[in-house]
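Novice: So that we are looking at the same thing, I have put the structure below in structure tokens.
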Amino acid sequence: MTAPRILYCHCAYAKVVPEETKQEVLGRLSASGLPFEAVTDLCEMAARKDPALERLADGGPTKIAACFPRAVKWLFFGAGFPISDDGVEVLNMREAPADEIVSGLLGEVEV
Amino acid sequence: MSAHRLDGTRIRVVLHDGDADTSQRLETLTALLEDGHSVTCAAAPPDPSDDVVLARFDESTATIRARVEQKIGRVDPEPSPFWKPWFPVIDYDRCTNCMQCLTFCLFDVYGVKEEKIDVQNESNCKTDCPACSRVCPEAAIMFPKYKKGPINGDVVRPEDVQSEAMKVDISTLLGGDLYAALRTRSDEARKRFSTERDESKALLERKRCLKKLKKQLDIPDEVLMTLPSAGDIEERARRAREKAKRRGERSQSVKDKKPTTEDDWGI
């Protein structure tokens, strides 16, 4: 079975995601050696209807570390690149601690 | 540093290989993301392409930045003005297409696409103003960078949907029985509306409401100062209705023209 892709949103244009959560998640993701995508700010990309969102939305099973799942789903939709309801899991860095996010992203393969 | 080329296209940095320790990896990643670049961490370098800059994890951030600047084609002479990406995001599972947001928003953020409400001018939205989400009777409008739920995208609870209470607040804010005025748009009603009001009392009432609403609804001064008058709202509602009517007529006209017999098809 193919491992889900990982997408990390840095939410750089607002301070709504705790800085320590972002740093912890990003640090452990990069240390894992697994391939992943990181973007500066999904909201900003959605506002520009950035064509790069198509590549991110169209990749099969995906785990997204960002904010509230409802917001992420409709951000992609509003930009014209809806994500599938199946196989996409959104992990909310605004509310969950870094440990929970990282284990959700990396599962058993965490290093 | 600006994250895009002069033509507006963006580049992506692909980081691969290299023996960098965890802290160096994190520093490089954070720097590139703060610069506004998308980053792919890959096990192996992809094929080169026009929108990709390849770099190794063990290269210094300065070296990678220089390569990015070279790819972008300029050293940013005039940094782009900072724009906090603040705009409404519609939850179409909840939206009933009532168009209240379109009617309420003064800044033409909303439009209609294929007969559905649509966010069309994101950058017109007033930063930190969630006012349209508060007039939405279904709590279908989100601002993902807002601090509180459900506007930030958190789950909508039954108590979050308080459309009638909100209508009363907005009506008071505008200094009169706005929704009644919208329902009875006859000349007589307009005349009564204008003559029965005590202007100084209305102004005081409006100021009091503005202060209260600013606190309750978290609406910035800039937006409160430019809120529409009852007349403005009425005019916008009229334009929206006309637009919808024209659209309906066009749609009907297309249906009427649709061939129904073989003769109609020219067979």
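The values are calculated or read from the model by the stated rules, or taken from the named source; none is laboratory data. None of these values were measured; they are calculated from a predicted model. Here the Cβ is made from the backbone with ideal geometry for all residues, glycine too, and neighbour counts use every protein chain on show. Note: accessible area is taken over every heavy atom of the protein model, side chains too, but ligands, DNA and RNA are not part of it. Shrake-Rupley method; radii C 1.70, N 1.55, O 1.52, S 1.80 Å.
Novice: In the stretch A:5-30, what residues are of a type in the set (A, V, I, L, M), in contact with an Asp or Glu (Cβ under 6 Å, 6 or more places away or on another chain) and facing chain B (nearest Cβ under 8 Å)?
Specialist: A:A12
Novice: Within the stretch B:7-42, work out how many residues are assigned to a helix (DSSP H, G or I) and open to solvent by 50 Å² or more (accessible area, probe 1.4 Å).
Specialist: Total satisfying the criteria: 5.
Novice: Separate question: So for the stretch A:41-49 (the condition being within 28 Å of B:D17 (Cβ to Cβ), surrounded by fewer than 19 Cβ atoms within 10 Å (Cβ to Cβ) and either of a type in the set (A, V, I, L, M) or more than 9 Å from chain B (Cβ to nearest Cβ) (or both)), does at least one residue qualify?
Specialist: no
Novice: Can you tell me which residue in the stretch B:22-35 is nearest to the chain's Cα centre (by Cα), limited to those that are facing chain A (nearest Cβ under 7 Å) and hydrophobic (A, V, I, L, M, F, W, C)?
Specialist: B:L33
Novice: Counting only residues that are free of Cβ contacts under 8 Å to residues at least 12 places away in the same chain and touching a strand residue (DSSP E or B) at 6+ places or on another chain (Cβ under 7 Å), how many does the stretch B:41-61 have?
Specialist: 1
Novice: Another one. Looking at the stretch B:36-53 only, could you name the residues that are under 18 Å from A:A52 (Cβ atoms) and more than 8 Å from chain A (Cβ to nearest Cβ)?
Specialist: B:P46, B:D47, B:P48, B:S49, B:D50, B:D51, B:V52, B:V53
Novice: So which of B:D108, B:D93 ends up being more than 30 Å from B:R25 (Cα to Cα), among the acidic types (D, E), loosely packed, with under 14 Cβ neighbours inside 10 Å and within 11 Å of another protein chain (Cβ to nearest Cβ)?
Specialist: B:D93
Novice: Quick one: would you say A:R55 is over 22 Å from B:G153 (Cα atoms), within 13 Å of chain B (Cβ to nearest Cβ) and among the charged types (D, E, K, R)?
Specialist: Yes, satisfied.
Novice: Continuing with this model, one more query. So, in the stretch A:65-90, exactly how many residues are more than 8 Å from every other protein chain (Cβ to nearest Cβ), open to solvent by 20 Å² or more (accessible area, probe 1.4 Å) and not charged (D, E, K, R)?
Specialist: Qualifying residue count, the stretch A:65-90: 8.
Novice: Could you tell me which of the residues A:T2, A:T62 is away from every other protein chain (no Cβ under 13 Å), open to solvent by less than 10 Å² (accessible area, probe 1.4 Å) and either of a type in the set (S, T, Y) or over 20 Å from B:L32 (Cβ atoms) (or both)?
Specialist: When all the criteria are applied, what remains is A:T62.
Novice: Something else now. Does B:R67 fit the bill of being away from chain A (no Cβ under 13 Å) and open to solvent by 50 Å² or more (accessible area, probe 1.4 Å)?
Specialist: Answer is yes for this residue.
Novice: B:M99 versus (1) within 10 Å of chain A (Cβ to nearest Cβ); (2) within 17 Å of the chain's Cα centre (by Cα): which is the lone unmet condition?
Specialist: (1)
Novice: I need the full set of residues from the stretch A:5-31 which are open to solvent by 30 Å² or more (accessible area, probe 1.4 Å) and within 12 Å of the chain's Cα centre (by Cα), in order please.
Specialist: A:R5
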